[in-house]
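Engineer: Provided herewith is a single structure, encoded as structure tokens, for subsequent inquiry.
The values are calculated or read from the model by the stated rules, or taken from the named source; none is laboratory data. Just so it is clear, the structure is predicted and the values come from calculations on it, not from any experiment. Here the Cβ positions follow ideal geometry from the backbone for every residue, glycine too, while neighbour counts run over all protein chains shown. Side chains included, ligands, DNA and RNA excluded: accessible areas come from the protein's heavy atoms. Shrake-Rupley method; radii C 1.70, N 1.55, O 1.52, S 1.80 Å.
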Amino acid sequence: MQDETLQDLLRYAARQGVQLTGITPRRLPGRGYGMVATCDVLEGETVLAVPTRALRTLATVPKAISRTLDRDVSVHGILAAHLVLDDTGDYAAWDAVLPTPDDLEAGMPLLWPTKLRELLPTPARNALQRQQTKLNADWEAVKAAFGEGKGKETNGDGNDTGEKLTKSKYVRAWLLVNSRTFYYTTPRSEATLPSHDDRIAMQPVADLFNHAADRGCKAAYAAQGFSFVADRLYKEGDEVPISYGAHANDALLVEYGFVLADNNRWDEVSLDAVLVPKLSSSPQDIIREDLETAGFWGNYMIDAATPGGCYRTQVALRRLLCGGTGAAKRTVWLQFVEGGGDDEDEEEGKEEREELLLECLDDMAELAHKTLTKIERLGKSNVGTESQRNLLALRWRQIEAMVAQAAKKLREGEDEEEGDDRKEAKEEKKEKPKKKEARK
Ligand SMILES: C[S@@+](CC[C@H](N)C(=O)[O-])C[C@H]1O[C@@H](n2cnc3c(N)ncnc32)[C@H](O)[C@@H]1O
């Protein structure tokens, strides 16, 4: 049985020409609404079609709003202003299924208390800062155009219930647009909106698809509207997701207010918190300068497939091992960078790099442990809500697990090599009985 609110939404959507085939929205534990297969859905079947006329875009925002706003306000900011200022009731059925302020507060770090936000992992903190800057610019422009408190909210009897345009309402609307829009690239939007980020649209019902990293219906836009096509067989009762993109959990947390508990093949862990201080400790910041000049400062990641660190991490580790001076070694490092990671003698210095990386992983494990303890302590002083703290703690436990996994793989690699070395040594012993060790 669908709840009344959903039924209203589906009736509203049907009037807009939205067609659902073999799927329907349902409440799902821990993730608000989501789409569920009502029968077996075959790969290649179109499960949802949303015609262009059902979209909320810059073109559907009344001119009284869009023209009043400064040209510099993002389309994101304009759509958010429309969400708050619209008093026509035209979108009431759609608005009724949007997450509540409490839902948003639980997941979106932008709404968390500072003490919790300070404990976010580096990529999440950086993303949050960018988000805050964009939001502030939009809010300042909307406030300047309409004035805080513009419009009166009325209750069922038509009595005023308070101010309409408040910062908290605008922030909520802005976060909703942030987490529920689709890229909407048409010849017109391409011609009139130079920034890709401005070519966005809100879609009724389609905004109830949840995210999965490893699968999901394919979304496509044509002149008549959006369509969503099943990427595989979904059995009756299965959740039918889409993919929001190749996002690591830190990005999902800041942009969408959740992390995937498992199966996020795009997930990665930043080592910046532990590696950047090491890189910054050289005399006169020579190492930092070199890395900045080469465009390799920060964003040092590891993931399940590259426990030895991404290319940027490799560049940083190699530079750190050259030390402050070491001109000859530095030349080799520059060759490595300029060659795009080609290494003529990969074995040279490998052991030191792995040792250094293991040190970083151990430091990261310690940081995760300390952060988890701090979150627990904040809980005792009631900082933030339990949902906020649980979400943050979940992210740090994921980091702890990924770091442990990477360290294990590296150590196993070392053991295997040591094993090989021992074998090699035995072979050599046979050939050259006087030599005690093959290497080291
Ligand atoms: C486009 S909406 C999807 C519909 C949403 N669940 C709802 O109730 O309105 C995006 C939001 O859904 C939630 N969400 C999406 N995918 C999720 C997932 N795999 N696990 C948990 N929450 C998810 C997040 O709150 C996100 O901000």
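Engineer: All but one of (1) away from the ligand (no atom under 16 Å from the Cβ); (2) hydroxyl-bearing (S, T, Y); (3) open to solvent by 20 Å² or more (accessible area, probe 1.4 Å) hold for S270, so report the exception by its number.
Structural biologist: Single failed check for S270: (3).
Engineer: Residues of the stretch 350-397 being touching a helix residue (DSSP H, G or I) at 6+ places or on another chain (Cβ under 6 Å) and not in a helix (DSSP H, G or I), which ones?
Structural biologist: Selection gives V383, G384.
Engineer: Looking only at residues that are in contact with a strand residue (DSSP E or B) (Cβ under 7 Å, 6 or more places away or on another chain) and in a helix (DSSP H, G or I) in the stretch 103-136, which one is nearest to the ligand (Cβ to nearest atom)?
Structural biologist: Going through the stretch 103-136, the residues in contact with a strand residue (DSSP E or B) (Cβ under 7 Å, 6 or more places away or on another chain) turn out to be 121-123.
After this cut, where a residue has to be in a helix (DSSP H, G or I) as well, the list is 122-123.
Values: T122: 22, P123: 18 Å.
The qualifying residue nearest to the ligand (Cβ to nearest atom) is P123.
Engineer: Between T24, T38, T57, which is surrounded by fewer than 18 Cβ atoms within 10 Å (Cβ to Cβ), of a type outside the set (F, W, Y) and closer than 27 Å to D102 by Cα? Give the steps one after another, and end with the answer.
Structural biologist: Working: T38 fails: closer than 27 Å to D102 by Cα; T57 fails: surrounded by fewer than 18 Cβ atoms within 10 Å (Cβ to Cβ).
Testing whether each residue is surrounded by fewer than 18 Cβ atoms within 10 Å (Cβ to Cβ), of a type outside the set (F, W, Y) and closer than 27 Å to D102 by Cα leaves just T24.
Engineer: In addition: So, of the residues in the stretch 219-256 that are in a strand (DSSP E or B) and either among the acidic types (D, E) or more than 16 Å from the ligand (Cβ to nearest atom) (or both), which turns out to be least open to solvent (accessible area, probe 1.4 Å)?
Structural biologist: Only one residue fits best here, namely G225.
Engineer: Moving to a separate point now. Restricting attention to the stretch 277-297, which residues are crowded, with 18+ Cβ neighbours inside 10 Å and either closer than 15 Å to L358 by Cα or under 25 Å from the mean Cα position of the chain (by Cα) (or both)?
Structural biologist: F296, W297, listed by residue number.
Engineer: Can you tell me which residues in the stretch 188-210 are of a type in the set (A, V, I, L, M, F, W, C) and at pLDDT below 90?
Structural biologist: Result: A191, L193.
Engineer: Filter the stretch 173-218 down to the residues that are in contact (Cβ under 8 Å) with a residue 24 or more places away in the chain and among the β-branched types (V, I, T), then identify the one that is farthest from the ligand (Cβ to nearest atom).
Structural biologist: Checking each candidate, the answer is T186.
Engineer: Can you tell me which residue in the stretch 182-215 is most open to solvent (accessible area, probe 1.4 Å), limited to those that are out of contact with any Pro (no Cβ under 9 Å at 6 or more places or on another chain) and of a type in the set (V, I, T)?
Structural biologist: Looking at residues that are out of contact with any Pro (no Cβ under 9 Å at 6 or more places or on another chain) and of a type in the set (V, I, T), I get T192.
Engineer: In the stretch 298-314, which residue that is in a loop (DSSP other than H, G, I, E, B) and over 20 Å from the mean Cα position of the chain (by Cα) is surrounded by the fewest Cβ atoms within 10 Å (Cβ to Cβ)?
Structural biologist: Top of the filtered list is G308.
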